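Here is the structure we will look at, set down as structure tokens.
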Amino acid sequence: MTAVVARPPVFGARIASLDDTAARNVKGVKTVLRVPLDRGAEGVAVIADGYWQASQGRNAPKVEWDTSIVEKIDSDQQVALYREMATRSGPCQFDCDIASLETAPLHLEAEFVFPYLAHAAMEPLNCTVALAERGAELWVGSQSAGLDAGAAATCWV
């Protein structure tokens, strides 16, 4: 069996409405579930005989996302916030004499601004679970193995 999850477009969004009829009609789809995600969000998990069926099932439901409780910040707001934060003094990390920089023959100043991009995982997005009578063993490429294990552990409670 393979499961894939339809995630909300923004962190923390929940499902306002879900019509999973089309997903359930995909050949090989066994079930469609609302599942909790991190930051209080919800997603739609589709469990099927294989990846292709699960993927097709994930793309089929009609989901309306409730984004009313999530923070709404765009790239321009972030850049303005970061510029303001850069004017604040912070803790000294290195204690060295930088006075010679003031008399340097060349000064270079640059600002690089990019739009907000989600931190996309570079590892393959997959997971294998070996179920046992008293637990499970997970193989997953993740930067948050503890969070993944904790989420899986709640299924056994």
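The values are calculated or read from the model by the stated rules, or taken from the named source; none is laboratory data. What you see is a predicted model; the values in this text were computed from it and never measured. Ideal geometry is used to build each Cβ from the backbone, glycine not excepted, and the neighbour counts take in all protein chains shown. Side chains included, ligands, DNA and RNA excluded: accessible areas come from the protein's heavy atoms. Shrake-Rupley method; radii C 1.70, N 1.55, O 1.52, S 1.80 Å.
Couple of notes before you dig in:
- Residue match in region 81-97 (condition: surrounded by 11 or more Cβ atoms within 10 Å (Cβ to Cβ) and closer than 30 Å to residue 5 by Cβ): no
- Options 110, 86, 145, 136; residue that is modelled with pLDDT of 80 or more, among the small types (Gly, Ala, Ser) and within 26 Å of residue 41 (Cα to Cα): 136
- Residue that is surrounded by the fewest Cβ atoms within 10 Å (Cβ to Cβ) [pool: residues in region 129-157 that are of a type in the set (Ser, Thr, Tyr) and free of Cβ contacts under 8 Å to residues at least 12 places away in the same chain]: 154
For (1) open to solvent by 50 Å² or more (accessible area, probe 1.4 Å); (2) under 21 Å from residue 151 (Cα atoms); (3) touching a residue at least 24 places away in the same chain (Cβ under 8 Å), each residue gets a yes or a no:
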| position | (1), (2), (3) |
| --- | --- |
| 2 | no, yes, yes |
| 19 | yes, no, yes |
| 34 | yes, yes, no |
| 43 | no, yes, yes |
| 50 | no, no, yes |
| 60 | no, no, yes |
| 64 | yes, no, yes |
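- Given (1) open to solvent by 50 Å² or more (accessible area, probe 1.4 Å); (2) part of a loop (DSSP other than H, G, I, E, B); (3) of a type outside the set (D, E, K, R), index of the condition residue 12 fails: (1)
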